[in-house]
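The values are calculated or read from the model by the stated rules, or taken from the named source; none is laboratory data. This structure is a prediction, so every number in the text was calculated from the model and none was measured. Counting neighbours? That spans all protein chains shown, and the Cβs are built from the backbone with ideal geometry, glycine included. Areas reflect the complete protein model, heavy atoms only, side chains present, ligands, DNA and RNA absent. Shrake-Rupley method; radii C 1.70, N 1.55, O 1.52, S 1.80 Å.
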Amino acid sequence: MSLLVNPDRSGTQIETFGFGLLAIKIVKLQAGQSLQEDTAGRELAIVPLGGTCSVTSTAGDFPSIGGRANVFSGLPHTLYLPIDTRFTLTAQTDCDLAFCYSKAEDHHAAALVSPADVRVEIRGGGNATRQINHMIQPGFPAHRILVCEVYTPSGNWSSYPPHKHDVHNPPGEVDLEEFYYYRIDKPEGYAIQKVYSVDKRIDETITVRDGQMVLVPEGYHPVVAAHGYNAYYLNVLAGSARSMAASDDPEYAWVRDTWREQDPRLPLVR
């Protein structure tokens, strides 16, 4: 199983990449174009990476979603649609959209998370400081899906100290599938992500470029942005509980105690 994948940007297929719960689709639409879909047995979070769209659905109508030019120019909108929802999405401008799915059984109300609703967290310290935009958090009324955005400034680390969430042992850790979908602020830029399991059955170091995605089926998964380039990833999770509880790699957990200040470059977007 390759952990580095290139999601189809045509928006024609939902891709699971072998995961049991999660799926994703990246959609590019020109202004005026529409698509129709039925969520069926999946709940769906639509995140405009750039552009503005409208949605009419059997769960409600949402006339204006998005507005930022790209992920580095503003905070997100996120539209949550429940299972068994038929909808039509129409691009009001050229649109770059992430459709994030999770299998679900419970029905919840459709809801739009606006930039004003997003909780912005500056996490970590030193050159492990990063920005997290919390959109669909554990307290959000959904069945399984969780969604946030992470901004890692040039030369910084995120998901650090390395942590994992592959064991159902609440409240300290829960078992979650996870996607990291990347954008880099310059076309030649890159990030590096490591994914390794406790027993080293998985031990990969991956160079990730704009528009690529890393699968995290298990194990620790830290990230570093190449010097000179800011990295963004859309973080989509689903699993055994509505929690993001994770456990640090005990070999590196001591690093937390060395942090004295946070990177003043953050937040990168407001």
Shape call for region 26-158, from the Cα gyration tensor axes a ≥ b ≥ c (a/c under 1.5 means rounded, otherwise prolate when a/b beats b/c, else oblate), comes out oblate
Flagged as over-length at 22 Å C-alpha distance, from LYS103/LYS194; LYS164/LYS194; LYS25/LYS103, the pairs are LYS103/LYS194
Counting only protein heavy atoms and leaving out ligands, DNA and RNA, the solvent-accessible surface of CYS148 at a 1.4 Å probe, in Å² to the nearest 10, equals 10 Å²
Output for region 1-103: trypsin sites (Lys or Arg not before Pro) sitting in coil per DSSP, at most 13 other Cβ within 10 Å, listed by number, reads ARG9
Averaged per residue, the 1.4 Å probe accessible area of region 122-270, protein heavy atoms only, in Å², is roughly 40 Å²
Shape call for the chain, from the Cα gyration tensor axes a ≥ b ≥ c (a/c under 1.5 means rounded, otherwise prolate when a/b beats b/c, else oblate), comes out prolate
Using alpha-carbon positions, the gyration tensor of region 115-161 gives root eigenvalues a ≥ b ≥ c; with a/c under 1.5 called rounded, otherwise prolate if a/b exceeds b/c, else oblate, the class is prolate
The answer for the longest stretch of the chain without any exposed GluC sites (Glu not before Pro) (DSSP loop, at most 11 further Cβ atoms within 10 Å) is 1-104
